[in-house]
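The values are calculated or read from the model by the stated rules, or taken from the named source; none is laboratory data. All figures in this text were calculated on a predicted structure; none of them were measured in a lab. Counting neighbours? That spans all protein chains shown, and the Cβs are built from the backbone with ideal geometry, glycine included.
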2 protein chains.
Amino acid sequence: MKIAIAQLNYHIGNFEGNLNKMLEAIEKAKNQDADLIVFGELSTCGYPPRDFLEFDDFIAKSEACVNRLAEESRNIGIIVGSPTKNPVIEGKDLYNSAIFLYGGEIKYTQHKALLPTYDIFDEYRYFEPASEFNVVHFKGKKIALTVCEDIWNVGNENPLYVTCPLDEMQHHSPDFVINLSASPFNYRHAETRIHVLKANVERYGLPMFYVNHSGAQTEVIFDGGSLVISPDGNIHDELPYFKEEVRVYELDEVMKGGINRVQPKEKIALIHDAIVTGIRDYFGKLGFKKAILGLSGGIDSAVTAALAAAALGPENVLAVLMPSQFSSDHSVGDAEQLAKNYGMPYKTIPIKGIYDSFMGSLSEHFEGRPFNVTEENIQARSRGVILMALSNKFGNILLNTSNKSEMAVGYGTLYGDMCGGLSVIGDVYKTDVFALAEYINKDQELIPRNTITKPPSAELRPNQKDSDSLPDYDTLDEILFEYIENTRGPKEIIEKGFDKKLVARILKLVNINEFKRYQTAPVLRVSSKAFGMGRRMPIVGKYLS
Amino acid sequence: MKIAIAQLNYHIGNFEGNLNKMLEAIEKAKNQDADLIVFGELSTCGYPPRDFLEFDDFIAKSEACVNRLAEESRNIGIIVGSPTKNPVIEGKDLYNSAIFLYGGEIKYTQHKALLPTYDIFDEYRYFEPASEFNVVHFKGKKIALTVCEDIWNVGNENPLYVTCPLDEMQHHSPDFVINLSASPFNYRHAETRIHVLKANVERYGLPMFYVNHSGAQTEVIFDGGSLVISPDGNIHDELPYFKEEVRVYELDEVMKGGINRVQPKEKIALIHDAIVTGIRDYFGKLGFKKAILGLSGGIDSAVTAALAAAALGPENVLAVLMPSQFSSDHSVGDAEQLAKNYGMPYKTIPIKGIYDSFMGSLSEHFEGRPFNVTEENIQARSRGVILMALSNKFGNILLNTSNKSEMAVGYGTLYGDMCGGLSVIGDVYKTDVFALAEYINKDQELIPRNTITKPPSAELRPNQKDSDSLPDYDTLDEILFEYIENTRGPKEIIEKGFDKKLVARILKLVNINEFKRYQTAPVLRVSSKAFGMGRRMPIVGKYLS
């Protein structure tokens, strides 16, 4: 039996586009004499469809897509993911289903049982868990159909669910397991995924065909990396990361085992490719081509510009230099050099006149109070207005250049440098931004060396340095990682050897700046815990603030 | 038996504050010889604690609070809501529990079974549902302990769950039902709540003591309205809305029935009081006293200012008039009149100089393109910078003045008039903003009549009117209500008699402006479907856009 797996880049609610992609993949599979083709989870409507699932019309469109695919299934088995209606009045109105099509009709539907509801996932918001389990009979084989999380309770030290769907399906003696996934990227996810799949193979002794999405949906990035695992636990194949791909496998070959193909999983390279994918799909799926960003000469905007250039082409990235009276000469020079290295268009618009105009109108109302963060923010916000004006006039999407460390502690100006339609490196700690810069420069100096080596500064007052108000980034990032990614409380972090007062101060900064992050652009997610939909915190809260 | 119900205004993560409130209430109850006192759901930590629940330290602090309350339970039964740990490794790590304390110790813990995971609720993100049910034995009575949603599967045409906890508890023949709730306000919620409670009384024939929170946590507002219902279905008592209250009831009196006390539930009055509560608690719980807002002479900023004055006192609301070359004389006059009517401090800061300064720097880059929304946005953003500068200098929180209709269709400037730490009327359709204005003026003309009667305009270009680009608000609001509150798709809305093209245009506007709402302040929630945490939509999506 020949099994095709189709790792595709879907688009939420683009039923026609998704259908056409699947039809093309079916053609490819047929041309290679595949008996069966498998698509990803909720492939008709894209993932995550979020509250569009509450619209009957949206579900009807998903169903129409399944019915259209069924017509193509006369000579090939098709397994597609789609929301389906729960006919029982009690419980949620929908299921998240894997649907087996053959002979021109729907032959079997297996609902998802384990509904991820944590981090960025909200599936129990919409779906009823499966309570019945069976296998698909196809050309003399029995197939266990699972959807994403269904296999993730195995190989997990702290399982989130009290049941495992494959335990139930085992009673029907399946020959192999298919898993339809929409499992988002983080820089450790490919390793974790292989660990979980191998744990399933070990537990059930069955080969697995695991089909993931590729491409990004706003902040959520799918890396692909679909897997075929032999019963001996060897990785028969791993599909490329961040790319669409259709490949066909002979089941007998997979059964044999002995082949182990793996791709490199280097953290910074993966983050780079994920962000490039994230930018490209954000623009492509929204129908935009051109980006704009402020280039300060610092490392954050330099790395953001480089990533945007890789995603959209440098000719589509408009850099704007907006020096103030506090900008150093080298800042302007470094920014210009970067734009020239890439061949990006750039404009220079000094903000002193605008700043003076604001101060002229405001100083009488400031009642003689001294220069403070207010005046710093006016500079950052003047730049925000300029960037948004150019964005509005020319239709470029403004990219936000804040990194995760400064977003965490609120070291940024709301409606100023925190402007932008998409946060490019908002899930990358400052220490990793440096590593990304080196990675980008691995073959030639694209980001000027001085941008990387000079001490970070917001340049909003004379001789300002980040280190005036923040601890060094190595320490800061370690504490933030413990608090944000590892959800460790103050006592546990202090026990790791950090200064008690420093930990209290940083955790407080994180919490009292929740109001700023609430109003930030979606953040391309590359870690296991990004700001945004995956980390939901009260604004009005007293704990650690 | 005397039962006290304590309807309190908790504060998320303010363990000491919450504990002290509960200790005070226990004193009051003891002074009235109560046998038992009941608090709300998750009263130790406040509701919704969101991802703070993922911190062991946060749970430990909740447990410490329960243990401290247990010490007070030597002579009075105490029922408190708190997160508790799930000792079983499989499943979620926590339960949402009602804990019965007596004789100085924890006597019984009943976990919540039905975990709301829809709209603003994310409980399955954190909690394992209860699988065991029992009753509390106390002074010869058997008490069925339920938590909020546990009773909401009854009286519901489309029940969300396949089980009802009280069905299980019925086997133990309870004498009465206690429900610990944290059930947020919307302007129909008090009616719905009574409907659901009566359906439970009818189904089980038992009296109910229903204890809700009062007060607001960021966008979520709790109206209180706790209820005591007799077995005959009469409302023995309904506690006040939006206020803390401790009341003691003699069980025998409740059993008798025949008394029916209800409060008026007038939509606009409830919305008014809810928003005033929301503003007051947002400021109070964050430790702020003073607000700032831009006053345009239009109805949205006038109503926002009036609500802020009611919440914080007019002396704490700084109004800023920022006329441009497009502002009409009456706008400035109307705005001044409002400030004078309330005795609010106000400043006038014209923006023409600032606008000219931006245009001076930008016009060469605009390449001769005509005046369009870009220049309109520069005006709105200049005002945003001024307001934020005053906010930064003096520590006033900026109030956002956008209404729900304009937020829905994106009729507002991101980082301009969409600035602000809290959206006051972002869940109030324009037609209801007018009704609110009339309600505010019911005793005297506080909002100038001209502000209410003149045609709405953003005044960002000569002779601009909202009706130039939007349908009349009556029609717009009806279509939006069908789409947003009723989640009806285009076909169903058109079937109600609306123009096909208009419906398509409005739904498209709603969807393509998701990126703007993503970056908006939290919106005080007064309807059944507010923008923000209760409505989760993809930004990158093709459906209806």
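Among the residues of the stretch B:56-69, the ones that are surrounded by 20 or more Cβ atoms within 10 Å (Cβ to Cβ) and either away from chain A (no Cβ under 14 Å) or part of a loop (DSSP other than H, G, I, E, B) (or both) come to 2 in all. Cβ-Cβ distances below 8 Å connect the following pairs, each with a first residue in the stretch B:102-115 that is closer than 18 Å to residue B:69 by Cβ, a second residue that is among the basic types (Lys, Arg), and a separation of six or more residues or different chains: B:103/B:74; B:104/B:74. Residues considered: B:40, B:46. Of these, the only one that is away from every other protein chain (no Cβ under 12 Å), part of a loop (DSSP other than H, G, I, E, B), buried (at least 20 other Cβ atoms within 10 Å of the Cβ) and in contact (Cβ under 8 Å) with a residue 60 or more places away in the chain is B:40.
Being within 12 Å of chain A (Cβ to nearest Cβ), basic (Lys, Arg) and over 34 Å from the mean Cα position of the chain (by Cα) is a property that does not hold for residue B:285.
Residue A:353: closer than 18 Å to residue A:457 by Cα and either at pLDDT 95 or above or not charged (D, E, K, R) (or both), yes or no? The answer is no for residue A:353. Between B:41, B:132, B:90, B:149, the distinction of being under 28 Å from residue B:175 (Cβ atoms), more than 30 Å from the chain's Cα centre (by Cα) and of a type in the set (Asp, Glu) belongs to B:132 only. Apart from one condition, residue B:489 fits all of (1) more than 9 Å from every other protein chain (Cβ to nearest Cβ); (2) more than 30 Å from residue B:266 (Cβ to Cβ); the exception is (1).
Can we say residue B:109 is of a type in the set (Ser, Thr, Tyr) and out of contact with any helix residue (DSSP H, G or I) (no Cβ under 8 Å at 6 or more places or on another chain)? Considered against the rule, which asks whether it is of a type in the set (Ser, Thr, Tyr) and out of contact with any helix residue (DSSP H, G or I) (no Cβ under 8 Å at 6 or more places or on another chain), residue B:109 comes out as yes.
Of note, residue B:53 does not satisfy the criterion of being more than 8 Å from chain A (Cβ to nearest Cβ), out of contact with any strand residue (DSSP E or B) (no Cβ under 7 Å at 6 or more places or on another chain), modelled with pLDDT of 95 or more and part of a helix (DSSP H, G or I). When the stretch A:517-545 is filtered for residues that are facing chain B (nearest Cβ under 7 Å), crowded, with 22+ Cβ neighbours inside 10 Å and hydrophobic (A, V, I, L, M, F, W, C), the ones remaining, listed by number, are A:521, A:539, A:540. When the test is whether a residue is assigned to a helix (DSSP H, G or I), on the phi < 0 side of the Ramachandran plot and more than 14 Å from every other protein chain (Cβ to nearest Cβ), residue B:482 does not pass it. For the stretch A:438-482, the set of residues classified as under 22 Å from residue B:53 (Cα atoms) and in contact (Cβ under 8 Å) with a residue 60 or more places away in the chain consists of A:480 only. In the stretch A:184-252, counting only strands (runs of 3 or more DSSP E) that sit wholly within it, the ones holding 2 or more residues that are buried (at least 18 other Cβ atoms within 10 Å of the Cβ) and within 14 Å of the chain's Cα centre (by Cα) span A:214-217, A:220-223. Restricting attention to the stretch B:85-113 and to residues that are out of contact with any Ser or Thr (no Cβ under 8 Å at 6 or more places or on another chain) and in a loop (DSSP other than H, G, I, E, B), the residue that is surrounded by the most Cβ atoms within 10 Å (Cβ to Cβ) turns out to be B:92. Specify the residue that is nearest to the other protein chains (Cβ to nearest Cβ); the eligible residues are those in the stretch A:136-168 that are buried (at least 24 other Cβ atoms within 10 Å of the Cβ) and over 17 Å from residue A:194 (Cα atoms). Only one residue fits best here, namely A:165.
When the helices (runs of 4 or more DSSP H) confined to the stretch B:332-414 are screened for residues that are without any contact (Cβ under 8 Å) to a residue 60 or more places away in the chain and closer than 28 Å to residue B:517 by Cβ, those reaching at least 2 such residues are found at B:352-362, B:373-394. When the stretch B:328-366 is filtered for residues that are among the small types (Gly, Ala, Ser) and on the phi < 0 side of the Ramachandran plot, the ones remaining, listed by number, are B:328, B:331, B:333, B:335, B:339, B:353, B:357, B:360, B:361, B:363.
Go through the residues of the stretch A:192-214 one by one and say whether even a single one is at negative phi, within 14 Å of chain B (Cβ to nearest Cβ) and in contact (Cβ under 8 Å) with a residue 24 or more places away in the chain. Among the residues of the stretch A:192-214, at least one is at negative phi, within 14 Å of chain B (Cβ to nearest Cβ) and in contact (Cβ under 8 Å) with a residue 24 or more places away in the chain, which makes the answer yes.
Within the span defined as the stretch B:397-413, every residue fails to be at the interface with chain A (Cβ under 10 Å from one of its Cβ atoms) and surrounded by fewer than 20 Cβ atoms within 10 Å (Cβ to Cβ).
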